[in-house]
Amino acid sequence: MIGPPEQIFESSRVNNWAGALDTIQSYGPAHLSDPVFAEAVRTFVKTFLQSLSGPSFPSKQDATVSERMLLFHSAGRLHLEHDALQMLVHRSLLYWDADGDRRVGLARLLPEDAVCQMILREHTPTTIESAGTMLTEVAIPQRARGIRSAALLQLFKSRQEEEFYHAVRSFYPQHLLGVNVSIHAVIDLDLVRNRLSKQEASFFFRGLLDIVTFDPEHGHRPVIAFEIDSPLHDDENQISRDRMKDRILSTAGLRLVRIRPDRSHTNRRQFLALLRNAEIEE
């Protein structure tokens, strides 16, 4: 049985770009520390770029491959040098010339690039900045003060979620953690829309992730998402929503780990032991 690097090398040799990307997605960013795996990824990128001709993409298939590569680059699953990133973004901008939303999403990947800056200026309202700073606090009406404590929601839905949060914080002390994070806050819909079904695209703005870790050393990009699954997730409707969530994150290249505690009162120490025993990597 051949390993991941050999699979990527072979896929690159026969121009099976989608196959190479599937392998990269399956084995995750942790394998980039393996020099052989990293070299296979570099070979794939180089071979794909060499196959292109003209200022735009010759086919939708090539445009789709480029889109996935840009997603993986944003998610840290492969690294694109500046020239390669610029080439893919510029070609994508020409290919998707009639799709304004997608062009804005692509331009955000290279905000310092002159072409991208022009596109972003066209779609960003002009604002006038004042020299001073204004601080305004919205007053709470007297009649609202009595219900304030009841109206404000707690951050965690259960004690078990709070225990799991503290376990993840101990497991990833170098990362920032977000709780109940909206999917659209960590994934750019413009870059995954054409790979999602209508139902998935509709769910995109309704889905939440229990916990997301963010790497402050790399632009606070999301690294890994966690979900705590209870017996409620055995409901058919919930299973359908979970599958859509899995599909969206997989498409964007963001790893999702689901935790199913075997007891109703798992504490942070037990959760931490579970994370360590599972050897979950970044």
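Points to keep in mind about this one:
- Residue, surrounded by the most Cβ atoms within 10 Å (Cβ to Cβ), within the range 164-184, restricted to residues that are in contact with a strand residue (DSSP E or B) (Cβ under 9 Å, 6 or more places away or on another chain) and under 17 Å from M244 (Cβ atoms): I183
- The single condition among (1) over 30 Å from N267 (Cα atoms); (2) surrounded by 10 or more Cβ atoms within 10 Å (Cβ to Cβ); (3) at pLDDT below 90 that R195 does not satisfy is (3).
- The number of residues in the range 23-41 being out of contact with any helix residue (DSSP H, G or I) (no Cβ under 6 Å at 6 or more places or on another chain) and over 10 Å from I8 (Cβ atoms) comes to 8.
- Any hit, the range 26-33, residues being among the aliphatic types (A, V, I, L, M), modelled with pLDDT of 85 or more, closer than 29 Å to A225 by Cβ and assigned by TED's automatic domain parsing to the domain that holds G105: no
- Considering A18, A40, A63, the condition of being more than 21 Å from the chain's Cα centre (by Cα) and either assigned by TED's automatic domain parsing to the domain that holds A98 or under 23 Å from A98 (Cβ atoms) (or both) is satisfied by A40 alone.
- Just so you know, in the range 190-213 the residues that are in a helix (DSSP H, G or I) and free of Cβ contacts under 8 Å to residues at least 40 places away in the same chain include one that is nearest to the chain's Cα centre (by Cα), and it is A201.
- Identity of the residue in the range 167-225, touching a helix residue (DSSP H, G or I) at 6+ places or on another chain (Cβ under 7 Å) and among the small types (G, A, S), that ends up farthest from L155 (Cα to Cα): A201
Each row is one residue, and each column tells you yes or no for (1) without any contact (Cβ under 8 Å) to a residue 12 or more places away in the chain; (2) closer than 28 Å to V223 by Cβ; (3) of a type outside the set (V, I, T).
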| residue | (1), (2), (3) |
| --- | --- |
| F9 | no, yes, yes |
| T23 | no, yes, no |
| Y27 | no, yes, yes |
| D34 | no, yes, yes |
| P55 | no, no, yes |
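- Filter result (crowded, with 21+ Cβ neighbours inside 10 Å and in a loop (DSSP other than H, G, I, E, B)) within the range 81-101: none
- Filter result for Q154 (in contact with a helix residue (DSSP H, G or I) (Cβ under 7 Å, 6 or more places away or on another chain) and exposed (fewer than 13 other Cβ atoms within 10 Å of the Cβ)): no
The values are calculated or read from the model by the stated rules, or taken from the named source; none is laboratory data. Worth saying up front: this structure is predicted, and the values here are computed from it rather than measured. We place every Cβ from the backbone using ideal geometry, glycine too, and count neighbours over all the protein chains shown.
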